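Novice: Input: one structure, supplied below.
Every number in this text was worked out from the coordinates using simple rules, so none of it is lab data. Predicted model, so just to flag it, every value in this text is computed and none were measured. Neighbour counts are summed over all protein chains in view; Cβ atoms, including those assigned to glycine, are modelled from backbone coordinates with ideal geometry.
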Amino acid sequence: MSKFFCNVILIMFVVGCVPLETKQAAFPDMYTDARPTSILILPAINKSTASDAASYITATLTQPFADAGYYVFPTLLTTDIFNKEGILDGRQALGIPKSVFKKSFGADSVLFVTINKWDKNYAILAANVTVAMSYVLISTTTEEVLWSYDQEIVIDTGGDSSAGLLGALIATAINTAVQDYIPIAQKVNNAAVATLPVGVYHPSAGVDGAVTGVSTEAKNRALK
């Protein structure tokens, strides 16, 4: 089974009984002749308490969108260009006409990513790590939202209670402190991108519209 369809199964499992839509019903503009073939990822909007979260996100965004069949502009190169232009945070680009990015980069669409949570939570034995992100893909031609999604993953870092209370407390503290955010960010990205209609460079381009697994709530929440 391909990685893409495994991700589809994952997102369907996660959303459970919430209202679901097919990809084509949720994102109809992604099934027209005007659908994008390229994505320009803008610097992340960081609303979390972790100052270094944006740099972790930059390292994990390109691959899932490329795997979904899109040309993704190299983030190392584009981040350097944005930095030179004084755009260090995606909020600084919100008011810029999207046609500017088409003219400057030749991009069909721009992706805004907002880091809503990047937290380590301690509650004695019930500690966890939470990463939550919102994604909004906008056409550089029409300035319409093409795709949006909000995704959150919580990783349990609690200790083994069989080791005794003190041992479990120590294990919980260690597990939470050393938790690597990169794999968690990858899981969040993969789960969200599973709802994205695949691009022209994917074998399933144009025929995945009937796939059900798009949470209406998560789609709308990303736009708030």
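Novice: Determine, from the Cβ-Cβ distance of T32 and L77 and an R0 of 35 Å, the FRET efficiency 1/(1 + (r/R0)^6), rounded to the nearest 0.05.
Specialist: Working from the Cβ atoms, E equals 0.75.
Novice: Here's something else I'd like to know. Listing L94, L20 from the residue with the fewest other Cβ atoms within 10 Å to the one with the most, what is the order?
Specialist: Listed from fewest to most nearby Cβ atoms, that is L94, L20.
Novice: Let me ask something else about it. State, to one decimal in nm, how far the label point of S51 lies from the label point of V200, with both points 7 Å from Cα in the Cβ direction.
Specialist: Placing both labels 7 Å along Cα→Cβ, they lie 4.4 nm apart.
Novice: Net charge near N128: determine it from the other residues with C-beta under 12 Å of the C-beta of N128, scoring Lys and Arg +1 and Asp and Glu -1.
Specialist: In short, -1.
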